[in-house]
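Sharing a structure, written as structure tokens. Questions coming.
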Amino acid sequence: MRGVAFVTGSRRGIGRAIALALARGGFDVAVNDLAASPDLAATCDEIRSLGRHAVAVTGDIGVIDQHANMLRDAEAALGPLTTLVNNAGVSVLARGDLLDVSTESYDRCLTINTRGTFFLTQAFSRRLLARQRAAEVHHSIVNVSSANAVAPSIARGEYCVSKAAVSMITKLFAARLGNDGIGVYEIQPGFIETDMTVPSKARYDTLIEGGLTVIKRFGQPDEVGRIAVTLASGLLPYTSGQVVAADGGLLSVRY
């Protein structure tokens with residue numbers, strides 16, 4: 001048995017790909033989004049078609065009072081959770097000059113991407129530590145941050161700040177939970193082909209062809225999914241706070 005995973009923001013894009021990859025890897029999966037939708041239901045149906053159990057759990061990770069109910073509903077349907085994937089997040093309200101960032105956009109990024117991730121991770125961790133856990137099952141937390149946790153993008157400063165904080169959240173919980181047998185990991189996606197990247201894809205295609213990345217193409221959500229299931233399954237033993245840059249070499253130093 002691989003376990004039971006809760007994947008936030010899994011209606012589409014990277015989150016959906018991670019949910020499906022986990023199902024292929026033997027996990028039952030609770031998929032999460034803000035509200036019920038045909039896309040969320042379709043993700044559940046596809047997981048079930050792979051022979052695994054699935055449930056849709058609606059809720060906003062930015063609203064901390066909803067966290068306990070979200071985790072409880074997932075466990076009521078699927079059994080004790082073993083894995084949390086913090087994928088849900090938002091980008092800036094508008095790209096622009098760093099000197100023009102609004103408090104509204106800044107607070108939105110930090111509330112959802114950082115505050116929501118921190119406290120959902122805290123709630124999940126408390127659940128795990130409060131119960132007996134099967135030794136043969138790997139328990140894990142996988143945070144999906146961004147290459148912008150490391151590389152500044154001055155047109156999206158508030159997003160960069162929020163994702164840099166997610167990177168520290170990974171380190172903190174890895175240090176706190178490592179000796180309790182709970183692995184905490186981080187994936188830093190670079191240019192991944194999703195609905196969110198469509199508006200800027202043509203521009204970045206040109207930059208990528210010119211050498212911006214080592215691998216000269218956009219990444220695919222399924223590739224991030226395969227990384228996530230590797231981490232969630234405990235296939236990187238004796239690691240703590242491991243960061244995997246799924247960026248095609250974007251952040252590698254070259255000269």
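Hey, does segment 165-175 have a residue that's within 14 Å of the chain's Cα centre (by Cα) and not hydrophobic (A, V, I, L, M, F, W, C)? Lay out the reasoning, then the answer.
Taking segment 165-175 and keeping what is within 14 Å of the chain's Cα centre (by Cα), we get 165-167, 169-170.
Among the residues that remain, those that are also not hydrophobic (A, V, I, L, M, F, W, C) are: 167, 170.
Looking for residues that are within 14 Å of the chain's Cα centre (by Cα) and not hydrophobic (A, V, I, L, M, F, W, C), one finds at least one in segment 165-175, hence yes.
Moving on. Testing residue 137 on (1) in contact with a Lys or Arg (Cβ under 8 Å, 6 or more places away or on another chain); (2) among the β-branched types (Val, Ile, Thr); (3) at pLDDT 95 or above, one condition comes back false. Which one is that?
Of (1) in contact with a Lys or Arg (Cβ under 8 Å, 6 or more places away or on another chain); (2) among the β-branched types (Val, Ile, Thr); (3) at pLDDT 95 or above, only one is false for residue 137: (3).
Looking only at segment 217-242, filter to residues that are free of Cβ contacts under 8 Å to residues at least 12 places away in the same chain and not hydroxyl-bearing (Ser, Thr, Tyr); which one of those is nearest to residue 179 (Cα to Cα)?
Of segment 217-242, the ones free of Cβ contacts under 8 Å to residues at least 12 places away in the same chain are 230, 235, 237-238.
When the remaining residues are screened for being not hydroxyl-bearing (Ser, Thr, Tyr), the result is 235, 237.
Details: 235: 17, 237: 13 Å.
Of everything passing the filter in segment 217-242, 237 is nearest to residue 179 (Cα to Cα).
Does segment 201-255 hold any residues that are assigned to a helix (DSSP H, G or I), at pLDDT 95 or above and basic (Lys, Arg), and which are they?
Selection gives 226 alone.
Quick check, is residue 196 at pLDDT below 95, of a type in the set (A, V, I, L, M, F, W, C), within 20 Å of residue 113 (Cα to Cα) and not in a strand (DSSP E or B)? First the steps, then the outcome.
On the way: at pLDDT below 95: yes; of a type in the set (A, V, I, L, M, F, W, C): yes; within 20 Å of residue 113 (Cα to Cα): yes; not in a strand (DSSP E or B): yes.
Yes, satisfied.
Quick check on my filter: what residues within segment 19-62 are of a type in the set (S, T, N, Q) and touching a residue at least 24 places away in the same chain (Cβ under 8 Å)? Can you show your working first?
Step one: of segment 19-62, the residues of a type in the set (S, T, N, Q) are 32, 37, 43, 49, 58.
Those that are of a type in the set (S, T, N, Q) and touching a residue at least 24 places away in the same chain (Cβ under 8 Å): 32, 37, 43, 58.
Take the residues of segment 131-148 that are hydroxyl-bearing (Ser, Thr, Tyr) and in contact with a Ser or Thr (Cβ under 8 Å, 6 or more places away or on another chain): which is farthest from residue 164 (Cα to Cα)?
Out of the qualifying residues, it is 140.
Answer with yes or no whether residue 72 is over 19 Å from the mean Cα position of the chain (by Cα) and closer than 23 Å to residue 225 by Cβ.
Working: over 19 Å from the mean Cα position of the chain (by Cα): yes; closer than 23 Å to residue 225 by Cβ: no.
Answer is no for this residue.
I'd like to verify a number: residues in segment 63-108 that are farther than 19 Å from residue 7 by Cα, in contact (Cβ under 8 Å) with a residue 40 or more places away in the chain and of a type outside the set (D, E, K, R), how many?
Total meeting the criteria: 6.
Moving on to the next point. Within segment 221-255, how many residues turn out to be of a type outside the set (A, V, I, L, M, F, W, C) and under 15 Å from residue 18 (Cα atoms)? Steps first, answer last, please.
First pass over segment 221-255, keeping only residues of a type outside the set (A, V, I, L, M, F, W, C): 221-223, 225-226, 230, 233-234, 237-242, 247-249, 252, 254-255.
Now drop any that are not under 15 Å from residue 18 (Cα atoms), which leaves 221-223, 225-226, 230, 233.
Counting residues in segment 221-255 that are of a type outside the set (A, V, I, L, M, F, W, C) and under 15 Å from residue 18 (Cα atoms) gives 7.
The values are calculated or read from the model by the stated rules, or taken from the named source; none is laboratory data. For clarity, every value in this text was computed on a predicted model and none was experimentally measured. Cβ atoms come from the backbone with ideal geometry, glycine included; neighbour counts cover every protein chain shown.
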